[in-house]
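Visitor: If you scroll down you'll find the structure; I have some questions about it.
Please treat every number below as a calculation from the coordinates, not as lab data. This structure is a prediction, so every number in the text was calculated from the model and none was measured. Positions of Cβ are generated from backbone atoms using ideal geometry, with glycine treated the same way; all protein chains shown enter the neighbour counts.
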Amino acid sequence: MRVVKKNDPERGAERSVEASYMRSGRYAVDMDTGSVGEIVGRYAGSVFLRPPGGGREWVVAPHRLRPPTEPELRRAEMYGTPIGGER
C-alpha cells in the first residue's frame, strides 16, 4: 500500500494517510507500462487493475502506481462509459 506523508500543522508532526486514488473503483497508472487501469482489489501486497471498459486484469506492486493526469483520467472515463452514456 502506498502511503503519502503529510504535515499535521496543529501538531507539527508527520502522519501517514493512504493516497485517495488507491481505493477500489478509482483509476491509477502502472508506471512500468504506462497503462491506466481501474483498481479492482488488493491482495497480499499487490494491487489488481482492469483496463477501462473491461478486459484482463493485471497485478502491480503498489509502489509502481501513480494517480492519473487529467487527460489520462478523461480518456479512461471515456473508455469506461458504455455506448449510450449510462452505466
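Visitor: Explain nothing, just the number: relative contact order of the stretch 23-79, from Cα pairs under 8 Å at least 6 residues apart, as a whole percent. Each step should come with its number before you reach the end.
Guide: Working: 96 pairs, mean separation 18.3, N = 57.
That works out to 32 percent.
Visitor: With unit charges on the beta carbon (Lys/Arg positive, Asp/Glu negative), name the residue among VAL60, SER46, VAL29 whose Cα is farthest towards the positive pole of the charge dipole of the stretch 23-79.
Guide: Result: SER46, furthest along the dipole toward the positive end.
Visitor: Oh, and also: Once the piece of chain linking GLU70 and THR33 is laid out straight, how much longer is it, given 0.36 nm per residue of separation minus the C-alpha distance between them? Walk me through the numbers before you get to the answer.
Guide: Details: separation 37, 0.36 × 37 = 13.32 nm, distance 1.82 nm.
Stretched out fully, the GLU70 to THR33 stretch lengthens by 11.5 nm.
Visitor: With charges only on Cβ, +1 for K and R and -1 for D and E, what is the dipole size of the stretch 20-70 about its Cα centre, in debye, rounded to 20? All intermediate terms of the calculation are to be shown ahead of the outcome.
Guide: Details: 7 positive and 5 negative charges, 31 e Å.
Roughly 140 debye for the stretch 20-70.
Visitor: Return the distance in nm (one decimal) between the two label points of a simple spin-label model at ARG26 and ARG50, each offset 7 Å from Cα along Cα→Cβ.
Guide: Roughly 1.9 nm, to one decimal.
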